[in-house]
Amino acid sequence: MSTALRRAVFVICTLLWLSGCLWLVAHFAFPTPTDFGPGPSPWQPAIMRVHGWLAVGGVFLLGWIAAEHIGDRWHRARNRVSGFSLASLAAVLVVSGYALYYTNDRLHDLAGAVHEVLGGAAIAFALIHWRRNGPSRVGR
Ligand code: HEM
Ligand code: HEM
């Protein structure tokens, strides 16, 4: 993997995850009290705007990774299970994330729940795949 791509993956994915987690903290820990019960925190729209911008970069990177990184390693056993788990998780995050724009009612709630739970868990999948396990002979 080229240094530029590796850096871009680490930076964008970390910020994407942090912005999602920050939104969850604002949503669950700092709701605004209203006459009708707890309302959204005033920070949520700004955090989600940043998350949305980062998501565009994340999807762009996924395309780049699919073409370069995954294409090169397709036939090798190393990191295959963690790689495909991470790629599948990313695909579900993309679909459920964009479903939040285009669905309503129960489908919207379902997409939100799937996206929030899998988004939070994504860091574990990423760390397992990215842990250092020897130098690569591909793409360097
Ligand atoms: C490629 C990965 C991802 C993509 C494409 C993506 C995309 C999106 C999009 C489009 C939205 C809706 C934005 C809006 O309503 O303005 C969203 C919401 C959200 N995302 Fe992500 N996201 C990704 C990864 C993550 C990760 C890693 C987390 C970590 C926790 C996360 C947490 C959230 C949360 C909490 C919401 C708000 C959910 C709700 O409204 O119920 N996302 N995401
Ligand atoms: C969303 C999908 C994926 C992302 C974001 C991703 C990202 C990464 C990153 C950042 C590294 C560390 C690279 C380094 O330190 O040079 C890595 C290593 C690796 N990945 Fe992936 N990967 C993904 C999917 C896959 C898949 C599907 C496979 C296998 C078919 C795979 C195979 C490997 C291998 C063999 C390594 C070890 C180091 C190397 O060969 O570069 N990855 N991956």
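Throughout, read-outs are computed from the coordinates displayed, never taken from laboratory work. It should be emphasised that the depicted structure is a prediction, and the values quoted were computed from it without experimental measurement. Backbone-built Cβ (ideal geometry, glycine too); neighbour counts: all protein chains shown.
Quick notes on this structure:
- Against the chain, whose longest principal axis comes from its Cα atoms, helix 3-29 is set at around 20 degrees.
- For the chain: span of alpha carbons on each principal axis (Å, largest first): 61, 26, 22
- ³J(HN,Hα) computed for each position of the range 114-121 - Karplus, 6.51 cos²θ - 1.76 cosθ + 1.60, integer Hz, glycine/proline x: 4, 5, 5, 5, 5, x, x, 6
- Against the main long axis of the alpha-carbon atoms of the chain, helix 44-65 sits at an angle near 20°.
- For the chain, averaging the sequence separation of C-alpha pairs within contact (under 8 Å, six or more residues apart) and dividing by the residue count gives a relative contact order of 30 percent.
- For Y102 and V50, a Förster radius of 30 Å and the Cβ-Cβ distance give a FRET efficiency of 0.90, rounded to the nearest 0.05.
- Contour excess over end-to-end distance, with Cα ends at W64 and A124 and 0.36 nm allotted per residue: 19.4 nm
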